[in-house]
Amino acid sequence: MKETLRRIFERLIVNTGPISLAHYMAESNARYYDSRDPLGGAGDFITAPEISQMFGELIGLWLADIWIRAGRPEPVHYVELGPGRGTLARDALGAARRYGLVPRVHFVEASTALKAIQLEHHAQASWHADLSTLPTDGPLLLVANEFLDALPVRQLVKTAQGWRERMVGLADGQLVPVAGDRPMDAAVPADRAQAPEGTILETCPAAAAVTYEIAGRLAAQGGAALLIDYGHAEPRYGSSLQAVRAHRKVDVFSSPGEADLTAHVDFSALAPIAQSRGVRWLGTVEQGRFLRGLGIEARAEALSSFAPEHAAAIAVARDRLIGEGQMGALFKVMGLAAPEWPDGAGF
């Protein structure tokens, strides 16, 4: 029987001391995603492409529109980071095909379980462990939907002794957050250094690295990218780390490897990183505004007219995607484009 990740963490902490929160999150999500299909009603969470075909169709139309206005370059590559079941790619590529965009398909996927599902629907795709092996012979049309939020975060906490890294230790047999013993004041921006005791600063070096790589690719090869996730467009304090299991929030430290660990994406930190590579930041907007700008309401009406028996379900899905109290405001869309590429719709 495979040893639980909790037992492995406990033994590691006993032998070597507390581990970083980033280490804990990275190992937990690696075990979690490699062992299951977490999506859908029978899983732990539902993503926008699984809610309605409208989401993927509009993404596909966005990609086709910007590609057409860029002059229809060939070859062109569709790249999706963390494509789940392949649902978004199916709907997006189907919509794009109607306008002549038939790109080569590339998935960046680490999960063995999800790759097997993707293979059933996208046998023609190429799979990559990371961005380094993506082709270099043409522009990239890249989409990352609910990918960045699962990357490991690093947290610093202000203590009476100064800033320390937030670690994971053991207390009374339980995994708990603890402050490390190494001073981390030099890692805190000057404008935040004087925050009160107990303040938590959360960063995601992995998301920064991915954004840096995407931007470099766009600058060198051409293309555009949509990064879609729940998060914020302005800097914030505090921990946003959460765990979800069976569609409910659970304790972050109770069952590592058995729940989906995520954190809010700080888009305000990612835009300057992308711009440092010379690409154009198209903006960061709420998902509801973005989808309304692409015509989701008209699309919902058309679907309802075609299948009136599903009109109520279509309306529920539309509202879930764009509603202020649902995904519409919590989720953000950040657009990037190569220097010579046009603006994208919806920003």
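Restricting to region 123-148, count the residues that are surrounded by 20 or more Cβ atoms within 10 Å (Cβ to Cβ) and not hydrophobic (A, V, I, L, M, F, W, C). Quick ask: steps written out before the conclusion?
Of all residues in region 123-148, those surrounded by 20 or more Cβ atoms within 10 Å (Cβ to Cβ) come to 125, 139-148.
Now narrow it down to the ones that are not hydrophobic (A, V, I, L, M, F, W, C): 139, 145-146.
Residues meeting the conditions: 3.
Here are some residues: Tyr230, Tyr212. Which one is assigned by TED's automatic domain parsing to the domain that holds Leu58, of a type outside the set (A, V, I, L, M) and surrounded by 18 or more Cβ atoms within 10 Å (Cβ to Cβ)? If you could, list the steps in order and put the result at the bottom.
Numbers: Tyr212 fails: surrounded by 18 or more Cβ atoms within 10 Å (Cβ to Cβ).
Being assigned by TED's automatic domain parsing to the domain that holds Leu58, of a type outside the set (A, V, I, L, M) and surrounded by 18 or more Cβ atoms within 10 Å (Cβ to Cβ) holds for just one of Tyr230, Tyr212, which is Tyr230.
Of all residues in region 210-228, count the ones that are over 14 Å from Asp266 (Cβ atoms) and in a helix (DSSP H, G or I). Let's see the steps before the verdict.
Restricting attention to region 210-228, the residues satisfying the condition of being over 14 Å from Asp266 (Cβ atoms) are 212-226, 228.
Checking which are in a helix (DSSP H, G or I) leaves us with 212-221.
Residues that pass the stated criteria total 10.
Please specify each residue of region 49-91 satisfying the condition of being aliphatic (A, V, I, L, M) and over 17 Å from the mean Cα position of the chain (by Cα).
Within region 49-91, Met54, Leu58, Leu61, Leu63, Ala64, Ile66, Ile68, Ala70, Val76 qualify.
What pairs can you find where one residue is in region 120-144 and part of a loop (DSSP other than H, G, I, E, B), the other is surrounded by fewer than 18 Cβ atoms within 10 Å (Cβ to Cβ) and small (Gly, Ala, Ser), and their Cβ atoms are less than 7 Å apart, with a gap of 6+ or different chains?
Ala129/Ala110
When you go through Arg299, Arg280 one by one, which is the residue that is in contact with an Asp or Glu (Cβ under 9 Å, 6 or more places away or on another chain) and either outside the structural domain of Leu142 (by TED's automatic domain parsing) or within 15 Å of Ile59 (Cα to Cα) (or both)? Full working, then the answer.
On the way: Arg280 fails: either outside the structural domain of Leu142 (by TED's automatic domain parsing) or within 15 Å of Ile59 (Cα to Cα) (or both).
It is Arg299.
Does Gly295 fit the bill of being over 17 Å from Asn145 (Cα atoms) and without any contact (Cβ under 8 Å) to a residue 24 or more places away in the chain?
no
Filter region 274-306 for residues that are surrounded by 19 or more Cβ atoms within 10 Å (Cβ to Cβ) and assigned to a loop (DSSP other than H, G, I, E, B); which is modelled with the highest pLDDT?
Checking each candidate, the answer is Val279.
Can you name every residue in region 72-117 that is surrounded by 15 or more Cβ atoms within 10 Å (Cβ to Cβ), of a type in the set (Asp, Glu) and out of contact with any strand residue (DSSP E or B) (no Cβ under 8 Å at 6 or more places or on another chain)? So that I can check it myself, show each step before the final result.
Taking region 72-117 first, the residues surrounded by 15 or more Cβ atoms within 10 Å (Cβ to Cβ) are 76-93, 95-96, 99, 101, 103-111, 114-115, 117.
In the following step, the residues that additionally are of a type in the set (Asp, Glu) were identified as 80, 91, 109.
The answer is Asp91, and nothing else.
Restricting the search to region 169-197, which residues are under 30 Å from Met327 (Cβ atoms) and crowded, with 17+ Cβ neighbours inside 10 Å?
Residues of region 169-197 under 30 Å from Met327 (Cβ atoms): 177, 192.
Hit for region 169-197 is Pro177, nothing else.
Against the condition touching a Phe, Trp or Tyr at 6+ places or on another chain (Cβ under 7 Å), over 29 Å from Gly71 (Cα atoms) and crowded, with 18+ Cβ neighbours inside 10 Å, how does Leu201 come out, does it pass?
Answer is yes for this residue.
The values are calculated or read from the model by the stated rules, or taken from the named source; none is laboratory data. The shown structure was predicted, so the numbers you read here are calculated from the model rather than taken from an experiment. Quick reminder, even Gly has a Cβ in these numbers, built from the backbone with ideal geometry, and neighbours come from all protein chains shown.
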